[in-house]
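First comes the structure, then the notes that go with it.
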């Protein structure tokens, strides 16, 4: 049984864990060590603050998060244009 962190509601915890489990099933690397099922790994990551929720603001439309470092795909696209 995974204990939810204080201040995190049950719905928020399980929703975030379900989204993370989906990412893990699609091939993302786990952020914790150990041999656990995908569901337990996701719950442990949320409980240990290894993954967090990013809130969308009214100013920014929902979409992929911007990163400080461009991905290889966006860099390649930039070089092909010029």
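The values are calculated or read from the model by the stated rules, or taken from the named source; none is laboratory data. Please read these numbers as outputs of a predicted model, since none were measured by experiment. A quick note on method: Cβ atoms are made from the backbone with ideal geometry, for glycine too, and the neighbour counts reach across all protein chains shown.
When residues of the stretch 29-51 are filtered for being free of Cβ contacts under 8 Å to residues at least 24 places away in the same chain and either in contact with a helix residue (DSSP H, G or I) (Cβ under 7 Å, 6 or more places away or on another chain) or loosely packed, with under 12 Cβ neighbours inside 10 Å (or both), how many remain?
Counting residues in the stretch 29-51 that are free of Cβ contacts under 8 Å to residues at least 24 places away in the same chain and either in contact with a helix residue (DSSP H, G or I) (Cβ under 7 Å, 6 or more places away or on another chain) or loosely packed, with under 12 Cβ neighbours inside 10 Å (or both) gives 12.
Which condition from (1) at pLDDT 70 or above; (2) surrounded by 10 or more Cβ atoms within 10 Å (Cβ to Cβ); (3) part of a loop (DSSP other than H, G, I, E, B) is the one that residue 70 breaks?
(1)
If we keep just the residues of the stretch 1-28 that are touching a residue at least 40 places away in the same chain (Cβ under 8 Å) and surrounded by 13 or more Cβ atoms within 10 Å (Cβ to Cβ), which is nearest to the chain's Cα centre (by Cα)?
12
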